[in-house]
1. Here's a check for you: in region 169-198, which residue that is hydrophobic (A, V, I, L, M, F, W, C) and assigned to a loop (DSSP other than H, G, I, E, B) is surrounded by the most Cβ atoms within 10 Å (Cβ to Cβ)?
2. Considering THR236, THR250, THR167, THR203, which residue is touching a helix residue (DSSP H, G or I) at 6+ places or on another chain (Cβ under 7 Å) and closer than 28 Å to ASP95 by Cα?
3. Looking at HIS65, HIS69 in this structure, which one is in contact with a Pro (Cβ under 7 Å, 6 or more places away or on another chain) and crowded, with 18+ Cβ neighbours inside 10 Å?
4. Can you work out which of the residues in region 252-268 that are in a loop (DSSP other than H, G, I, E, B) and touching a residue at least 60 places away in the same chain (Cβ under 8 Å) is surrounded by the most Cβ atoms within 10 Å (Cβ to Cβ)?
5. Among (1) without any contact (Cβ under 8 Å) to a residue 12 or more places away in the chain; (2) within 16 Å of the chain's Cα centre (by Cα), where does THR167 come up short?
6. What pairs can you find where one residue is in region 140-162 and closer than 15 Å to ALA306 by Cα and modelled with pLDDT of 95 or more, the other is open to solvent by 90 Å² or more (accessible area, probe 1.4 Å) and in a helix (DSSP H, G or I), and their Cβ atoms are less than 8 Å apart, with a gap of 6+ or different chains?
7. Restricting the search to region 97-115, which residues are out of contact with any strand residue (DSSP E or B) (no Cβ under 9 Å at 6 or more places or on another chain) and either without any contact (Cβ under 8 Å) to a residue 40 or more places away in the chain or buried (at least 24 other Cβ atoms within 10 Å of the Cβ) (or both)?
8. Please find, within region 130-150, the residue that is surrounded by the most Cβ atoms within 10 Å (Cβ to Cβ) out of those that are in contact with a helix residue (DSSP H, G or I) (Cβ under 6 Å, 6 or more places away or on another chain) and among the aliphatic types (A, V, I, L, M).
Amino acid sequence: KDIYRKVRIASECHREVRKWAQSWIKPGIMLADMCEAIENKTRELIGENGLKAGIGFPTGCSIDHVAAHYTPNPGDTTRLRYGNVMKVDMGTQIDGMIIDCAWTVAFDPKFDPLVEAVKAATEAGIKAAGIGVRVCDIGEEIQEVMESHEIELDGKVFPIKCCRNLTGHSMEPYNIHAGKSVPIVKGGEATKMQEGEFYAIETFGSTGRGYCVEGLECSHYMKVFNAPHIPLRMPTAKRLLSHINRTFGTLGFCRRWLEREDGGSYAVHGNTGRQTRYLGALKNLCDVGLVQALPPLCDVQNSYVAQFEHTILLRPNCKEVLSRGDDF
């Protein structure tokens, strides 16, 4: 099938980029530089072509108690430290078919039990998934594996908890959260997985409360899928919406991309895509419900969260872990 071919190409691109990135991600690197490098390599390898091929969503590099949806905004000079636990969540896409896959970087071996627990929990979720399987049963398997682990940090033992309000998700073309959720704790919905579906199976393990809330400055945005036509009063908002439609469609984007020379896509704009003084327009698009703001999701301060994630495809006679590599 043509769709299988496309997702396998996007997967191979993901493997190549992350293998390359893993070779040079070291303490002291500026997170903005790291994300730019990963994204530029993705554009290069996949043959960036506007909505037809490119990056699936902004590169997440959430640190420590921040679980997801953080990428540096313009001017953010945060550097990676030896004692950080960083989740690198990156995506590729061809014709809107997204490969969503993440891993955790921790240099200090004291975090190994946390990283191993989350890796094992994600593997348990992948193993449990399949055609006709209830998503609540997958959540129960994940939780059982995750919460059988603990970690000792500075003489204190912490149970490793699932971040109970974060989930995996079904994916469709240009729609990264396509309606079905895959919980990572027991007691979820009895919805069944079906043949032909794509899922991002992801788990988050935490030394904190195991519950995330929105916090910090927002960097991730996404046009609402199937958004109705809403008349806009602000000319700047109309212009920005037109730019978003042509450049990202309903794929996620970030403020860094709007401020690039190409505005997020060289194939679409050449070097004349940069958006300026766009924050008011972006707020307006969020306020009227055309664009969704996706702020960072945080557990309690001084806790540590790890994540692993793979994209799977439920073929009629097998389960294909598309993003599987030699690394994880």
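1. Here the residue is ILE184.
2. After applying the criteria, what remains is THR203.
3. When all the criteria are applied, what remains is HIS69.
4. Top of the filtered list is SER265.
5. (1)
6. HIS149/GLU116
7. Selection gives PRO109 alone.
8. Step one: filter region 130-150 for residues in contact with a helix residue (DSSP H, G or I) (Cβ under 6 Å, 6 or more places away or on another chain), giving 138, 141-142, 145-146, 149.
In the following step, the residues that additionally are among the aliphatic types (A, V, I, L, M) were identified as 138, 142, 145-146.
On the way: ILE138: 26, ILE142: 31, VAL145: 22, MET146: 27.
Among those residues, the one meeting the criterion is ILE142.
The values are calculated or read from the model by the stated rules, or taken from the named source; none is laboratory data. Please read all numbers here as calculations on a predicted model, not as lab measurements. Glycine also receives a Cβ, built like all others from the backbone with ideal geometry; neighbour counts cover every protein chain displayed. Keep in mind that these areas ignore ligands, DNA and RNA; they rest on the heavy atoms of the full protein, side chains included. Shrake-Rupley method; radii C 1.70, N 1.55, O 1.52, S 1.80 Å.
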